[in-house]
1. Restricting to the stretch 17-39, count the residues that are outside any loop (DSSP other than H, G, I, E, B) and closer than 15 Å to residue 49 by Cα.
2. Here's a check for you: in the stretch 1-19, which residue that is over 20 Å from residue 80 (Cα atoms) and surrounded by fewer than 17 Cβ atoms within 10 Å (Cβ to Cβ) is farthest from the chain's Cα centre (by Cα)?
3. Which pairs turn up if I take residues in the stretch 80-107 that are within 13 Å of residue 48 (Cβ to Cβ) and look for partners that are modelled with pLDDT of 70 or more and exposed (fewer than 10 other Cβ atoms within 10 Å of the Cβ) with beta carbon separation below 8 Å, at least 6 apart in sequence or on another chain?
4. Which one of these is modelled with pLDDT of 85 or more, more than 17 Å from residue 13 (Cβ to Cβ) and either touching a strand residue (DSSP E or B) at 6+ places or on another chain (Cβ under 7 Å) or surrounded by fewer than 10 Cβ atoms within 10 Å (Cβ to Cβ) (or both): 63, 86?
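The values are calculated or read from the model by the stated rules, or taken from the named source; none is laboratory data. Please read all numbers here as calculations on a predicted model, not as lab measurements. Cβ placement follows ideal geometry from the backbone for every residue including glycine, while neighbour counts extend to all protein chains displayed.
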């Protein structure tokens, strides 16, 4: 199984184009055609691929078929993959206000 095949299996049903998955793998230093080995880079590629899915419409309808995404569950899954390796989740909300402790540059 290749990295791309494994990433497609992890994101099955989210309709993420192969080009996006390949790009997310390459951002993590992985080649789509290399044998799957897992690890931090692969987990982060999953997280970034899920963010792609998160940014798309939360539901669709075509004729008598429709599907709705549970965005809260998707957000939790994204958080899991980033926190797995201690990486800050890009979707996390900033809860602390910035504090300026040195204003000497203003004088």
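1. Taking the stretch 17-39 as the starting set, the residues that turn out to be outside any loop (DSSP other than H, G, I, E, B) are 18-27, 35.
From what is left, the residues that are closer than 15 Å to residue 49 by Cα are 18-27.
Matching residues across the stretch 17-39 total 10.
2. My answer is 1.
3. Between residues of the stretch 80-107 that are within 13 Å of residue 48 (Cβ to Cβ) and residues that are modelled with pLDDT of 70 or more and exposed (fewer than 10 other Cβ atoms within 10 Å of the Cβ), the close pairs are 82/88.
4. Numbers: 63 fails: modelled with pLDDT of 85 or more.
None of the others qualify; the one that does is 86.
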